[in-house]
Amino acid sequence: MKMVTLQLLPYTEIEGLSSIGRIRKLLNIAKQDKIVLLQGRLRKEEETELIKVTMEEINKEFQGIELAVINPANNQLSGFQKLKNDMIGAVLGDRQGLTIIGPASVVKAIKKDPNKIELLTSEKKKRKR
Amino acid sequence: MAFSFVKQIFNRFVREFFGSRKDLKLGLYGPPNSGKTTLANKICIDWVGEELGKVSPLAHETREIQIKEQISIKSKDGKELMFNLVDTPGIATRIDYEEFLKAGMSEAKAKKRAREATKGVIDAIKWLDEMDAVMVVLDATQDPYSQVNVTIIGNLQARDIPVLIVANKVDLKKASMKKVQAAFPQYEVLGISAKYGKNVKELYEKVFELVK
């Protein structure tokens, strides 16, 4: 049976880091074949930088990452709920939501829709008897 | 990253004050295999009479930025627009050369393709700042909630670059316009089939609205 390790990362662990520091921290964990569950999210430009750095580091052992960000779906709310959500967002900033980063060798795909998230892990290539 | 922000501001300033319409860059962005080059070819054949690039069912066929300069299109009411069309490699978060091996490539070719594909993704991201307007081409048969789509569109929004979401492959049974619209409710989504030319005339009209 294949073991999958999930590493929880509170936002405080990346809060004081520079953009490249945040990316390095997340990528280093993913490169250890662990799935990162980060409280909150990266900034938009940090997300593209994460993709860029990931591409620069792809080699025979590291095939890249699967990435998903779950954010409170504002567009499904209306009126007071939306206002409340906006106010929470203004206070919490990037701490809101959840970011999942998994190494491509472990996570085959992350399927996301507004209400659920499915994490499909890679099948083992050889089965021990 | 701070340099990138300053560059964005500078580019926007240059665009607004010195920008000439004939230097307008219209980018095609999206995940691999969404039909960006098929659409680029359709646009180029319709207005220039020749194709821009090779297409393939295998992902990452386009691994370099391809540009067709000075394409001049006309609207139904006779307006004219000239732009440079920039077809970009598909943006992905993973590239596995073993997938190319499975498609029958030799190991050396598969590794080369993977290497070029990673460079293509980096180049596509670097070119984001250069765009004046972007059509994000999504495969309407695939999951629109993929983080790559969200990241591309979020970055364009943050850079204040006008975006049109193009849901391609609507000729296929599995295509769902509703899903794409539900994923990006704040954007206009136009369903097309670049392969068969469905709704492409409407797309040209939308390009005029996009860059006005």
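Put a dot 7 Å past the Cα of residue B:106, heading toward its Cβ, do the same for residue B:202, and the two dots end up 4.7 nm apart.
Over the protein assembly as shown, the pair-distance histogram of Cα-Cα distances with 20 Å bins from zero comes to 29, 59, 12, 0 percent, rounded to whole numbers.
Pairwise Cα distances in region B:170-212 exceed 13 Å in 60 percent of cases.
The packing ranking, built from the mean of other Cβ atoms within 10 Å per residue, places the peptides B:36-44, A:8-16, B:52-60 in the order B:36-44, B:52-60, A:8-16, highest first. Comparing B:75, B:45, B:27 along the charge dipole axis of chain B, the residue lying farthest to the positive side is B:45, per the Cβ-charge model.
Three principal axis extents of chain B based on alpha-carbon atoms, in descending order, are 50, 43, 36 Å. Extension gain for residue B:50 to residue B:119 (0.36 nm times residue separation, less C-alpha to C-alpha distance): 22.2 nm. Taken residue by residue and averaged, Cβ atoms of other chains lying within 10 Å of the Cβ of B:95-102 number 2. Taking 7 Å steps out from each Cα toward its Cβ at residue A:108 and residue A:122 produces label points 1.2 nm apart. Computed from label points 7 Å out along Cα-Cβ, the spacing between residue A:56 and residue B:74 is 4.8 nm. For chain B, the antiparallel share of DSSP beta bridges with both residues in that region comes to about 30%.
Rounded if a/c is under 1.5, else prolate if a/b is larger than b/c, else oblate: which is region A:3-70, with a ≥ b ≥ c the root eigenvalues of its Cα gyration tensor? Since a/c reaches 1.5 but b/c is at least a/b, the shape of region A:3-70 is classed as oblate.
Summing +1 for each Lys or Arg and -1 for each Asp or Glu among the other residues whose beta-carbon sits under 13 angstrom from that of residue B:139 gives +3.
Over all other residues within a Cβ to Cβ distance under 9 Å of residue B:195, the charged ones net out to +2, with Lys and Arg as +1 and Asp and Glu as -1.
Shielding by partners for peptide B:152-159, expressed as the average number of C-beta atoms from other protein chains within 10 Å of each residue's C-beta, is 3.
Taking GluC sites (Glu not before Pro) across region B:124-212, the ones in a DSSP loop with at most 14 further Cβ atoms lying within 10 angstrom of their Cβ are B:188. Charged neighbours of residue A:29, selected by a Cβ distance under 14 Å, balance to +1 (K, R count +1; D, E count -1). For region B:103-212, the gyration tensor built on C-alpha atoms gives an oblate shape. Its axis ratio a/c (a ≥ b ≥ c) is at least 1.5, and a/b is not larger than b/c.
Laboratory data are not the source of any read-out in this text; all were calculated from the coordinates shown. Bear in mind the structure is a predicted one, so any value in this text is a computation, not a measurement. Note that we place each Cβ from the backbone using ideal geometry, even for glycine, and neighbour counts take in every protein chain shown.
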